[in-house]
1. Return the label of the correct value of Kirkwood radius over Cα pairs in Å, as calculated from the structure shown, out of (i) 19.9; (ii) 20.5; (iii) 23.1.
2. What percentage of the solvent-accessible surface of the chain, computed with a 1.4 Å probe over protein heavy atoms, is contributed by carbon and sulfur atoms?
3. Out of 176, 247, 32, any idea which swings most in a Gaussian network model of the chain, alpha carbons joined below 10 Å?
4. Need one word for the range 17-83: rounded, prolate or oblate. Basis is the Cα gyration tensor (sqrt eigenvalues a ≥ b ≥ c); a/c below 1.5 gives rounded, then a/b vs b/c decides.
5. So for the chain: antiparallel DSSP bridges make up what percent, rounded to the nearest 5?
6. What number comes out for accessible area per residue over the chain if the probe is 1.4 Å? Units Å², please.
7. Report relative contact order for the chain in percent, whole number only (criteria: Cα-Cα under 8 Å, sequence separation at least 6).
8. Can you compute 3J(HN,Hα) from phi for each residue in the range 33-46, using the Karplus curve 6.51 cos²θ - 1.76 cosθ + 1.60 with θ = phi - 60°, rounded to whole Hz and x for Gly and Pro?
Amino acid sequence: MAEAAVQVLGSAPAFLDLMDRVSHVAPLDRPVLVVGERGTGKELIAARLHYLSRRWGQAFVKLNCAALPETLIDSELFGVEPGAFTGAVRRRPGRFEQADGGSLFLDEIATLSAAAQEKILRIIEYGRFERLGSNETQTVDVRVIGAANVDLPHLADKGEFRADLLDRLAFDVLTVPPLRARIDDIELLSRHFGRAMAHELGWSGFPGFSPNAMERLSAYPWPGNVRELKNVVERAVYRWKDPDKPVADIVFDPFLSPYRPETSSPKLVRGKEHDGAWQGSDAAALPQTLRLPYDFKSAMADHEKRLLEDALAACRHNQRETAEKLGLSYDQLRHAAKKYDLI
């Protein structure tokens, strides 16, 4: 509990309001949704919910639903019986069994398939499930805490997320404020991360930041929120050569260099003017003047690979989102990406 609490730092009004709501709902044995932008600390909020509950002495189990292909989600969540599929030689408990009596944190829950959503709904309602390859019903007592960085009600309206599961999960919804809504916390968090990095480097103390450096940190929009702030602060401290003087140099973009390699691949830009669609901004990826003979197949393959690489990177390698933005099915996207060893 202490480990979880010490990492959840902040004094901004929006953050304190969230902490009050966490403390209020934590003792109740009900599902909770934690929503917010990437890097806001949703996993830390989930951990706090667990450690402030009556389940604090039991397991807190985590699963990033987007990190596994659909074919492995069932076995990870519900476990496997020997012989369930090729290579399954022994019984293996799933995350629900591991979390029995405790809490299960399902990050990026919106990426789950409809079949997995249905099974999770059944577990929340009845506490029952079957391992993969078995007809024997297992019973567990698990508190489910889901997290998402997308608009789940909108997905439910589009039929892309089960509305009945959303109703069950949303006993209460905790929305984590982005860092730009917690400007007063930037200095507090920066000093916290700076002290930790100085300790890791073996410094005798942490001299803090110069006024100009702190002003720059406070003025930055932080699209990556607290995670990005942590990286920027740690990078600034480790690059600083004089541990006795306040850190004065801040580098927000580590790729910034006059020698940064250029690329001719299309850049994918997301903007309101395109209704959230990904738009190719560089149509010159193919030669403007075609000189024969020309290896058309090789050029098109290179072009397709670059498009897939850029799309996956722009969607933070969320394969379902990438497929949607490219107008492909999930299976089509995976087939194309595997062809070029991108996944």
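1. (iii)
2. Values: 9800 of 19350 Å².
Summing carbon and sulfur atoms, their accessible area is 51 percent of the total for the chain.
3. Highest fluctuation of the listed residues: 247.
4. Here the range 17-83 falls in the oblate category.
5. Numbers: 7 of 25 bridges.
For the chain, the DSSP antiparallel bridge percentage is about 30.
6. Working: 19350 Å² over 343 residues.
For the chain, the solvent-accessible area averages 56 Å² per residue.
7. Values: 511 pairs, mean separation 54.8, N = 343.
With pairs under 8 Å counted, the relative contact order is 16 percent.
8. Per-residue couplings from phi come out as 9, 10, 10, x, 5, 4, x, 8, x, 5, 5, 5, 5, 4 Hz.
The values are calculated or read from the model by the stated rules, or taken from the named source; none is laboratory data. Every value quoted in this text rests on a predicted model; they were computed, and no experiment measured them. Just the protein is used for accessible areas: all its heavy atoms, side chains included, with ligands, DNA and RNA removed. Shrake-Rupley method; radii C 1.70, N 1.55, O 1.52, S 1.80 Å.
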